[in-house]
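To keep things clear, I will list the structure first and then write my remarks on it.
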Amino acid sequence: MRRPRSLSDAGQAFPIYVTVVAGLLFLAFAFLAVGQAATNRNGAQTAADAAALAAALDTRDQIAGEWVENVLDPAKWQDILDGKGADLDGCGRAAQLAAQNDATADCRPVYELPLGYTVDVETDKAVGDSIVPGTENLHAKATATAVIEPLCTFELPEEDAGEGLLPVLTCEDDREWTLDPDDLTDLPKPEDLFDVHLADL
């Protein structure tokens, strides 16, 4: 007695169905593993960006503070704004920001102009278990560089222009700061004097 044709076809199709479902599940887990890796990579890049910017901002504030201390001696302004002799000790701040983003930072100053910092980070957490071999111990890595660039220019007054006269600072968007040596309550802030941004070096 022959089995009904529909039952025979169903029996032959079942192994194919199992194979297709297994393949789809494999692809789903593979895409999940790729997604986990991408998430870790994005987290690492965020940590690197934040750490490099934090280090640069810390140094920017120090340089701006030095300018304020020497505001009555405009002969020193250019060297200060160019960061000459600046202490590039912001890597401690980079390490703090990296730790806040669950990463470990390797920070190094950039002494060429513009000054800045390059930070390499590695995430503390691994990608985790997946169908891709080795991901359980894989840590995402990323690199970022942040630089400090002066935003203001000035011209030293002529020798006969009057003792104590301070130069006019022309900063971003043509904003001018006319400084009165007898009233220094309205001075540019660090963000007025310097731009800190990520850069490709």
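For segment 66-86, give me the residue count where each residue is assigned to a helix (DSSP H, G or I) and surrounded by 12 or more Cβ atoms within 10 Å (Cβ to Cβ).
Our first condition is that a residue be assigned to a helix (DSSP H, G or I); within segment 66-86, this holds for 66-69, 74-81.
Okay, now just the ones that are also surrounded by 12 or more Cβ atoms within 10 Å (Cβ to Cβ), so 66-68, 74, 76-81.
Total satisfying the criteria: 10.
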Margin query: So for segment 113-128 (the condition being among the hydrophobic types (A, V, I, L, M, F, W, C), under 33 Å from the mean Cα position of the chain (by Cα), surrounded by fewer than 18 Cβ atoms within 10 Å (Cβ to Cβ) and modelled with pLDDT of 95 or more), does at least one residue qualify?
Written below: no
Check: Quick check: is even one residue across segment 44-54 modelled with pLDDT under 95, surrounded by 15 or more Cβ atoms within 10 Å (Cβ to Cβ), within 21 Å of the chain's Cα centre (by Cα) and of a type outside the set (A, V, I, L, M)?
Finding: yes
Notebook entry, point to check: Within segment 80-95, is even one residue within 18 Å of Arg41 (Cα to Cα) and in contact with a Ser or Thr (Cβ under 6 Å, 6 or more places away or on another chain)?
Noted result: no
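The values are calculated or read from the model by the stated rules, or taken from the named source; none is laboratory data. Predicted model only: the values in this text are computed from it and were never measured. Note that we place each Cβ from the backbone using ideal geometry, even for glycine, and neighbour counts take in every protein chain shown.
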